[in-house]
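Reviewing the structure listed below.
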Amino acid sequence: MYEELPPNEFWLNFMYMTNLLKMLTRQINSDEMQHAFLNINQSCLQELTQQIIVKFLVLFAAVALASADVAHIVRTDESQAPILKSDYNSDPVGNYQYAYETGNGIAAQAEGIVKNPNSEAATLEVKGSVRYTSPDGTPVETTYVADENGYQAQGSHIPVPPPIPELILRSLQYIADHPPPAEYIKKTVV
């Protein structure tokens, strides 16, 4: 019987009919009539603008989600890599050895030896290596020694400082060969 209209058209028709009934039931001058129709148009325009903004925001959010880079989220679970090899040995003095290897290519081995075990100057010297594959697929291997001289690592991936220029080396050698006079050192220190 009645045709169902979209909400905006229903609202326009309802307001139009309401104002039309007002005009028919009483005398309305032309200023009042223009004012009534302007109010209808402004309210409809405001409602349409709000709906367009909401639809634009929903569309923008959908496009942003669809174009987002999620490749970094999808990754293999390395915490579940199987252990292929695991050895550990130690003695009462404090010497030890260990080695392990996992299914994802990580491997490490080390040997710790106590030097001068029964003295005040007992030290531990550790020699070992670590091997793994970096995220870009490059194999990385580090060998190291840790002793009374500190931790010294070697590997092709470890940065090496540039060589000291020849002029600087000659200057350092000159300073070492020609130290300043002792009275100059005493005057500047005091």
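For the range 131-176, how many residues meet the condition of being under 29 Å from the mean Cα position of the chain (by Cα), part of a strand (DSSP E or B) and among the β-branched types (V, I, T)?
Result for the range 131-176: 4.
Here is a check on your reading of the model: is V140 in contact with a Ser or Thr (Cβ under 6 Å, 6 or more places away or on another chain), β-branched (V, I, T) and surrounded by 12 or more Cβ atoms within 10 Å (Cβ to Cβ)? Explain how you work it out, then say what you get.
On the way: in contact with a Ser or Thr (Cβ under 6 Å, 6 or more places away or on another chain): yes; β-branched (V, I, T): yes; surrounded by 12 or more Cβ atoms within 10 Å (Cβ to Cβ): yes.
When the stated conditions are applied, V140 passes them.
Condition first: loosely packed, with under 11 Cβ neighbours inside 10 Å and among the hydrophobic types (A, V, I, L, M, F, W, C). Now tell me which residues in the range 143-172 satisfy that.
If the condition is that a residue be loosely packed, with under 11 Cβ neighbours inside 10 Å and among the hydrophobic types (A, V, I, L, M, F, W, C), then I158, V160, I164, L167, I168 are the ones that fit.
Determine if the range 120-130 includes at least one residue that is closer than 25 Å to P82 by Cα and either of a type in the set (K, R) or part of a helix (DSSP H, G or I) (or both).
Filtering the range 120-130 for residues closer than 25 Å to P82 by Cα gives 128-130.
Of the ones still in play, those that are also either of a type in the set (K, R) or part of a helix (DSSP H, G or I) (or both) are none.
No, there is no match, as no residue in the range 120-130 is closer than 25 Å to P82 by Cα and either of a type in the set (K, R) or part of a helix (DSSP H, G or I) (or both).
Out of curiosity, is V130 within 30 Å of G105 (Cα to Cα), at pLDDT 95 or above and aliphatic (A, V, I, L, M)? Let's see the steps before the verdict.
Details: within 30 Å of G105 (Cα to Cα): yes; at pLDDT 95 or above: yes; aliphatic (A, V, I, L, M): yes.
Answer is yes for this residue.
Of (1) in a strand (DSSP E or B); (2) out of contact with any Ser or Thr (no Cβ under 8 Å at 6 or more places or on another chain); (3) of a type in the set (G, A, S), A108 satisfies all except one. Which?
(2)
Exactly one condition in (1) modelled with pLDDT under 90; (2) over 30 Å from T18 (Cα atoms); (3) out of contact with any strand residue (DSSP E or B) (no Cβ under 7 Å at 6 or more places or on another chain) is not met by V54; state its number.
V54 satisfies every listed condition except (2).
Can we say E148 is modelled with pLDDT of 90 or more and touching a strand residue (DSSP E or B) at 6+ places or on another chain (Cβ under 7 Å)?
Working: modelled with pLDDT of 90 or more: no; touching a strand residue (DSSP E or B) at 6+ places or on another chain (Cβ under 7 Å): yes.
Against the criterion (modelled with pLDDT of 90 or more and touching a strand residue (DSSP E or B) at 6+ places or on another chain (Cβ under 7 Å)), E148 does not qualify.
Given the criteria closer than 30 Å to N95 by Cα, assigned by TED's automatic domain parsing to the domain that holds Y100 and acidic (D, E), does D147 qualify?
Working: closer than 30 Å to N95 by Cα: yes; assigned by TED's automatic domain parsing to the domain that holds Y100: yes; acidic (D, E): yes.
In short, yes.
Any residue that is touching a Phe, Trp or Tyr at 6+ places or on another chain (Cβ under 9 Å) and in contact (Cβ under 8 Å) with a residue 12 or more places away in the chain - is there at least one of those in the range 149-159?
Checked the range 149-159: at least one residue is touching a Phe, Trp or Tyr at 6+ places or on another chain (Cβ under 9 Å) and in contact (Cβ under 8 Å) with a residue 12 or more places away in the chain.
The values are calculated or read from the model by the stated rules, or taken from the named source; none is laboratory data. Please read all numbers here as calculations on a predicted model, not as lab measurements. Please note: Cβ atoms are built from the backbone with ideal geometry, for glycine as well, and neighbour counts cover all protein chains shown.
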